[in-house]
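Only one structure is covered here, and it is reproduced in the block below.
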Amino acid sequence: MKVKLKDLKANPNNPRYIRDEKFEKLKKSIQDFPEMLKLRPVVVDDDMVVLGGNMRLKALTELGIDEVEVIKAKDLTEKQKAEFIIKDNVGFGDWDWDMLANEWDNTQLGEWGLDVWQPEEDVDYSILDDDDVSKQLNDMTNGVKKAIQIEFEAEHYEEAYKLVKFWREQGAYVGGMIIEYFKAEKEKI
């Protein structure tokens, strides 16, 4: 069935996003092959919350398209909805690793086909005793984003989470923003 985009609700619990060049490619693919939207409709729940197709919804909105084909996945449990969100997105885009780490079960994500992180105690560091390994690791990680943990007081966590999510949705490089802020503050000292 075809519905107006204004009647759909983006899923606030969707840990998948596509940014920058890949998002532009998605928009171009919709423009070049709009029939794809009939072949792969947006999947919604009973409340019209998007389970599959959040990035397509965002792309359609930016392209000014006002209707899209949808399939309503009726009578799914919350667990089934969560499973669908992951399984539908295993192959494309980038993941919001903070959301996955904080709101999803690591074991279940692995079972659904997502390559997930290992707890530090499960990583074998004994092979890293050769000087050459350091250069090889640097070469292998060139271009790979790395994460650091930033602690927040409980009363600030929700606000921090929402701000990071907001800026990521805008396509911003949050790590770069933090570095620039810290540099400016350091110069004041």
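Identify the residues of the stretch 45-88 with backbone N under 16 Å of a label point that sits 7 angstrom from the Cα of LYS6 along the Cα-to-Cβ direction, or state none.
The answer is 61-62, 64-68, whose backbone nitrogens lie closer than 16 Å to the label point.
So what are the three principal axis dimensions of the stretch 1-123 from its Cα atoms, in whole Å, longest to shortest?
The Cα atoms of the stretch 1-123 stretch 49, 36, 21 Å along their principal axes.
Which entries in LYS22/LYS74; LYS25/LYS74; LYS25/LYS146; LYS25/LYS79; LYS22/LYS186; LYS58/LYS162 show an alpha-carbon gap greater than 28 Å?
As for pairs spanning more than 28 Å Cα to Cα, those are LYS22/LYS74; LYS25/LYS74; LYS25/LYS79; LYS22/LYS186.
Report the full-extension gain for the segment ALA160 to ALA147: residue separation times 0.36 nm, less the Cα-Cα distance, to one decimal in nm.
3.1 nm
How many nm separate the modelled label positions at TRP167 and GLU187, each set 7 Å beyond the Cα in the direction of the Cβ?
Simple spin-label model gives 1.7 nm for this pair.
Can you figure out the FRET efficiency of ILE65 with VAL174, using R₀ = 30 Å and their beta-carbon distance, to the nearest 0.05?
0.55
Sorting PHE166, PHE23 on the 10 Å Cβ count, fewest up front, what's the list?
Going from least to most buried by this count: PHE166, PHE23.
Could I have the simple spin-label model distance between GLU103 and GLN31, label points 7 Å from Cα toward Cβ, reported in nm to one decimal?
3.1 nm
Readers should treat all values here as calculations from the given coordinates under stated rules, not as data from a laboratory. Quick caveat, the model's predicted, so the values are computed rather than measured. Every residue, glycine as well, gets a Cβ built from its backbone with ideal geometry; the counts of neighbours run over all protein chains shown.
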